[in-house]
1. So, in the range 20-55, exactly how many residues are of a type in the set (D, E, K, R) and outside any loop (DSSP other than H, G, I, E, B)?
2. Looking at LEU186, is it more than 20 Å from MET99 (Cα to Cα), of a type in the set (A, V, I, L, M, F, W, C) and touching a residue at least 40 places away in the same chain (Cβ under 8 Å)?
3. Is it the case that GLU71 is without any contact (Cβ under 8 Å) to a residue 24 or more places away in the chain and either touching a helix residue (DSSP H, G or I) at 6+ places or on another chain (Cβ under 7 Å) or not in a loop (DSSP other than H, G, I, E, B) (or both)?
4. What do you reckon, is ALA158 in contact with a helix residue (DSSP H, G or I) (Cβ under 9 Å, 6 or more places away or on another chain) and within 26 Å of ALA84 (Cα to Cα)?
5. Output the number of the condition that SER202 fails; it satisfies all remaining conditions of (1) small (Gly, Ala, Ser); (2) out of contact with any Lys or Arg (no Cβ under 9 Å at 6 or more places or on another chain); (3) surrounded by fewer than 17 Cβ atoms within 10 Å (Cβ to Cβ).
6. Filter the range 99-126 down to the residues that are modelled with pLDDT under 95, surrounded by 12 or more Cβ atoms within 10 Å (Cβ to Cβ) and either touching a strand residue (DSSP E or B) at 6+ places or on another chain (Cβ under 9 Å) or of a type in the set (D, E, K, R) (or both) and list them by number.
7. Is it fair to say ALA86 is touching a residue at least 24 places away in the same chain (Cβ under 8 Å), part of a helix (DSSP H, G or I) and closer than 20 Å to ILE3 by Cβ?
8. So, ILE58, is that one buried (at least 17 other Cβ atoms within 10 Å of the Cβ), in a helix (DSSP H, G or I) and not assigned by TED's automatic domain parsing to the domain that holds ASN214 or not?
Amino acid sequence: MKILISDAFDPSLPSRLERFGEVTDDKNRLPEVDVVLVRSKTKCTREYIDSATNLKLIIRGGVGLDNIDVEYARSKGIRVYNTASASSIAVAEMAFALMLAVPTRLIEAHNSMKEGRWAKKELKRTELFGKTLGLIGAGNIGTEVARRAAAFGMTVIAFDPLITSHEIAELVELEELYERADYISLHVPLTEKTRGMINAESLVSMRDGVVIVNTARGGCVVEEDMAKALSTG
């Protein structure tokens, strides 16, 4: 079996894979390999897949599969897998760090200190405690965020059409989530249904002052609509 490591992974990966077959990072050998390992840089388009005439398996080091034409790959008999839980805690911690930075005014406080100013009186802060967090997507990452939010005394609600119950979050419809949430955190793949889901219409449905954290995919948010909402309040 021939394995192509197409993107940057841990330096130890090639030696760990050698027991399965020949390992290479030479992308010119794509037509002869059986397995391709990718992250985000490599785009497994139809053209890419067609040029990999011996390919049997694509493994994505990460969660999202939007850089892979999964349907076309499977139509060619190529299996596609991701590493669904590999980054769950890291992404959840990042999402929660971003949430913490807003009510604590952490960025403004840091910048003012660098400027030699003590802005304690200027920077009025609030708390996450007692606030409502709305999760859009309650899979591996969303659940890790929910655990941290519950530990901080937040009420956690979630919209996820793929599940019927959750260990922490109260499952609600998306419209109700928009109406109730003080904080909204996105944890969904980029699909036709989620592309641009945060837009002018959905923003109007949300509470004034809502904080939106997107550690999913940028395409889930219509940036022009978000910028306008931020500028107009």
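The values are calculated or read from the model by the stated rules, or taken from the named source; none is laboratory data. For clarity, every value in this text was computed on a predicted model and none was experimentally measured. Heads up, the Cβs are rebuilt from the backbone with ideal geometry, glycines too, and the neighbour counts pull from every protein chain shown.
1. 7
2. So LEU186 fails the test.
3. Criteria met by GLU71.
4. yes
5. Going through the list (1) small (Gly, Ala, Ser); (2) out of contact with any Lys or Arg (no Cβ under 9 Å at 6 or more places or on another chain); (3) surrounded by fewer than 17 Cβ atoms within 10 Å (Cβ to Cβ), SER202 breaks only (3).
6. Matches in the range 99-126: VAL102, PRO103, ARG105, GLU108, ARG125.
7. no
8. no
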